[in-house]
Structure formats: C-alpha cells, structure tokens
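Accompanying notes for the structure given below.
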Amino acid sequence: MKITHLGHAAVLLEVADRRVLFDPGNFSDRWHALTDLDAIVVTHLHPDHVDPEHVGALLAANPDAQVWVEPGVLDAVDLGDRGHGIAEDESVELGGVRIDAVGGLHAVIHRDIPRIGNVGLVVTAEGEPTFFHPGDSLDTAPAGVDVVAVPVMGPWAAMKEHIDFLRELGAGQGFGIHEALLSERGWKLSHGRYNEMTPTTVHDLRAGTPWEPTA
C-alpha cells in the first residue's frame, strides 16, 4: 500500500495494483494532473471534497476510472454518465480491492443547517492494511481499521470528538487531512494532541511524499 496526501481531503491510495483517488476537492489542485486512475470516490457533495469546476477534466483524463460517489453528489455535480452512487452499507469491488461505505450523514455544522449525506469509505485488499477515509463524519468507527485519514479541522470539528473517535477506532496509524483551514500553529497543536492522547500515530503527509504504512 502507498498513500499520497494531495492536499486537504484529496488522497491517492495505491493498493493491489489499483489507483484510487478520494475526494478531489477545490481546496487543492495537486490532483488535477493525475492519470491512470482505476477509481475516483467521493464521500459527499461539498466542493472541498468534489470540485465541480475541475472534476470534468479529471474524468476526461481518466476514461477508464470507475466513479463512485455518495448519492447526493449525483444531483449536485455534473459527472456526465460516469457517476454511480454508493450509499451506506453498500460495497464495490475493484479487482482485488473492496470498498465498503459506512455511516450516512455529514457531521453537524449547526442545528440550523440541514445535514447532508456522507459515506466513510473502508478499503480492504488481501495482505494489505485496511484503510479508512471518513469524509466529514466521526459517527462510525468500523472495526479492523489499520490506517485512518484524520480530518483535523473543519467548521463541524471539535478536538474532543476527534480524540474520542480515534480512541474508539483504535487504528495504529493515521495521517492528517482536511487541514486547509489550519495555520501552522494550529496544525502542530492538533497533530500533537492526537499523537499524545490516542492510540493512533498520526503522520504528517502534507509534503505530498508517498508513504507506505505497515499493517
């Protein structure tokens, strides 16, 4: 397994000879030039997770990629005839890679803002660590996760909830994502607390260097 953080929520996962891109949103442009993708998957419809302006070019550059998105994305973003919905408790197979959707709602931003759909995505492949990208929700902590993408900051976020989520999840390794709203001092504060107070070793992959976690 090889993981590359491409800024904010965008993550490239290379596993079992498959290249899967998560959440190509508009807070990052390092995913714009990607090719040879086997799948593009999206946790929810917010533009920092799927960029409506540039996703069309990404699809054109990856004509063979499967596109699986939380169902609400299909009505919000023009994916042509490429997009397919993946809802809570549904799964897809990509060769030797399985992607399971868990949870179903975005975290609460404010009680006056209606909640939208959000699926966390769990990736498994024989002989590889199990990877989890939760999108913008900490409601579900699936069993058996080895590596988690940790959304360190957002309008819906509170450090106390993240710490409890990581304790419940129990993943041995992780890395910070969803960091675009943080200053460098804010990053160091969050990063330090998660490493000090949870069982997860949270890595800093912001430089975009590919990382190979161990199970």
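Suppose R0 equals 25 Å; then what is the FRET efficiency for Arg111 and Glu90 from their Cβ-Cβ distance, rounded to the nearest 0.05?
0.30
Just to verify a number: FRET efficiency for Thr214 and Ala158, C-beta to C-beta distance, R0 = 30 Å, to 0.05?
Once the sixth-power term is evaluated, E becomes 0.45.
Under a 5 Å amide H to amide H cut-off, with H placed in plane at 1.01 Å, what residues pair with Ile177 once short-range neighbours are removed?
Val150, Val152
What does region 105-213 give for Rg and for Dmax, in Å, if only its C-alpha atoms count?
Rg and Dmax of region 105-213, Cα atoms, are 13.7, 45 Å.
Quick one: which residues, 5+ away or cross-chain, put their amide H under 5 Å from the amide H of Leu94? H built at 1.01 Å from N.
Under 5 Å from the amide H of Leu94 lie the amide H atoms of Ile99, each far enough along the sequence or on another chain.
Could you check the spin-label model distance between His32 and Ala180? Points 7 Å from the Cα along Cα→Cβ, value in nm.
Rounded to a tenth, the inter-label distance reads 1.3 nm.
Residue by residue, what Karplus-based ³J(HN,Hα) values in Hz, rounded to whole numbers, does region 79-90 have, using 6.51, -1.76 and 1.60 with θ = phi - 60° and x for Gly and Pro?
After applying 6.51 cos²θ - 1.76 cosθ + 1.60, I find 10, x, 9, 8, x, 10, x, 10, 9, 3, 6, 9 Hz.
³J(HN,Hα) across region 43-50 via Karplus (A = 6.51, B = -1.76, C = 1.60, θ = phi - 60°), whole Hz, x for Gly/Pro?
Going residue by residue, I get 7, 6, 7, 4, x, 6, 10, 8 Hz, with x marking Gly and Pro.
In region 1-79, carbon and sulfur make up what percent of the accessible area (probe 1.4 Å)?
47 percent
Take the Cβ-Cβ distance between Arg167 and Ala76 as r, set R0 to 25 Å, and report the resulting FRET efficiency rounded to the nearest 0.05.
Result of the calculation: an efficiency of 0.15.
For region 133-215, report the accessible area per residue in Å² (1.4 Å probe, heavy atoms, rounded to an integer).
46 Å²
Taking a temperature of 4 °C and a viscosity of 1.567 mPa s, what whole-number D in µm²/s does Stokes-Einstein yield for region 1-101 with Rh from Kirkwood over alpha carbon pairs?
Calculated translational D: 97 µm²/s.
Quick check: the distance between the Cα centres of region 43-57 and region 167-215, to the nearest angstrom?
The two parts, judged by their Cα centres, are 24 Å apart.
How many nm separate the modelled label positions at Lys2 and Glu53, each set 7 Å beyond the Cα in the direction of the Cβ?
It is 3.0 nm.
Specify, per residue and in Å³, the volume enclosed by the convex hull of the alpha carbon atoms belonging to the chain.
Taking the convex hull of the Cα positions in the chain, it is 110 Å³ per residue.
Based on the alpha-carbon gyration tensor of region 96-158 and its eigenvalue square roots a ≥ b ≥ c, which shape applies: rounded if a/c is under 1.5, prolate if not and a/b is larger than b/c, or oblate?
prolate
If I take every Cα pair under 8 Å that is 6 or more residues apart in the chain, average their sequence separation and divide by the length, what percent do I get for the relative contact order?
After rounding, I find 18 percent.
The values are calculated or read from the model by the stated rules, or taken from the named source; none is laboratory data. Values in this document were obtained by computation on a predicted structure and should not be read as measured data. Using ideal geometry, Cβ is built from the backbone for each residue, glycine included, and neighbour counts are taken over all protein chains shown. What goes into the accessible areas is simple: the full protein's heavy atoms, side chains included, and nothing from ligands, DNA or RNA. Shrake-Rupley method; radii C 1.70, N 1.55, O 1.52, S 1.80 Å.
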